[in-house]
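Taking it in order: structure first as structure tokens, then the write-up.
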Amino acid sequence: MRVVEKSAKTVEEAIELALTELDLDENQVEIYVLEQPTKGFLGLIGSKNALVRVTEKYNVVDEAQKFLKKICSMMEIDPNINIVNNSEDNLEINLTGDNLGLLIGRRGDTLDALQFILNLVINKNCEKRIKIILDVENYRSKREETLFKLAKRLSEKAKKTGKKIVLEPMNPHERRIIHMSLQEDHRINTYSEGEEPYRKVVIVPKKI
């Protein structure tokens, strides 16, 4: 964030000088009047100019886009950065373009890491925490649908064979999807076992 201090005969003039230097509008900055102007004795002796400090407001969307452009440039990738949702507490970003598999990684590992770092970088300068969800070519919704179908298929297998089924290691978010997908099926139980990052979901058929 850029900060400038300007002095002039009036507060308004000092603010205008600062805005001109920053090339910003008044609604894009925060203004602090450090000193009010004084006329002094007979308007001559001891007079003081106004002094203001003008600070550029922290723009979450702009900063997130700058960060992503920098990272993608280092990876020699040039995606489109689409703002899906921008509310007071949440920011959803979806990257689209060609050859973006590198940003997703194996089962979304790279995407999750980028999202984690992006949240750290942006929230470092935010007064109020904002949750940022980063996606690439709607990978997360597609992955969620895949996990839902997997959960249903394996639950049927568990009920048919009467044996428990242990899934591959998943991150907490994906395990939660499996649990929620099967929570209405009263013929099975699900639980997680193991330590991160190798924690797995177990599907167990209930004995009738």
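Observations on the model:
- Taken as a whole, the range 95-107 holds at least one residue that is touching a Phe, Trp or Tyr at 6+ places or on another chain (Cβ under 9 Å), surrounded by 13 or more Cβ atoms within 10 Å (Cβ to Cβ) and of a type in the set (Val, Ile, Thr).
- Checking 61, 54 one by one, the residue that is over 12 Å from the mean Cα position of the chain (by Cα), of a type outside the set (Phe, Trp, Tyr) and surrounded by 13 or more Cβ atoms within 10 Å (Cβ to Cβ) is 54 and no other.
- Complete set of residues in the range 107-163 that are hydroxyl-bearing (Ser, Thr, Tyr) and closer than 29 Å to residue 184 by Cα: 139, 141, 146, 155, 161
- Scanning the range 165-195 for residues that are farther than 20 Å from residue 144 by Cα and under 27 Å from the mean Cα position of the chain (by Cα) turns up just one, 195.
- Qualifying residue in the range 143-154 (condition: more than 30 Å from residue 93 (Cα to Cα) and not assigned by TED's automatic domain parsing to the domain that holds residue 107): yes
- Test for residue 84: is it touching a helix residue (DSSP H, G or I) at 6+ places or on another chain (Cβ under 8 Å) and outside any loop (DSSP other than H, G, I, E, B): no
- Among the residues listed as 19, 51, 34, 24, the single one being touching a Ser or Thr at 6+ places or on another chain (Cβ under 6 Å) and either in contact (Cβ under 8 Å) with a residue 24 or more places away in the chain or part of a loop (DSSP other than H, G, I, E, B) (or both): 51
- Those residues of the range 91-116 which are within 13 Å of the chain's Cα centre (by Cα) and free of Cβ contacts under 8 Å to residues at least 40 places away in the same chain, in sequence order: 111, 113, 115, 116
- Some residue of the range 66-79 being surrounded by fewer than 18 Cβ atoms within 10 Å (Cβ to Cβ), free of Cβ contacts under 8 Å to residues at least 12 places away in the same chain, hydrophobic (A, V, I, L, M, F, W, C) and under 21 Å from residue 197 (Cβ atoms): no
The values are calculated or read from the model by the stated rules, or taken from the named source; none is laboratory data. What you see is a predicted model, and the numbers here were worked out from it, not measured in a lab. With ideal geometry, Cβ positions are generated from the backbone for all residues, glycine too; neighbour counts draw on all protein chains shown.
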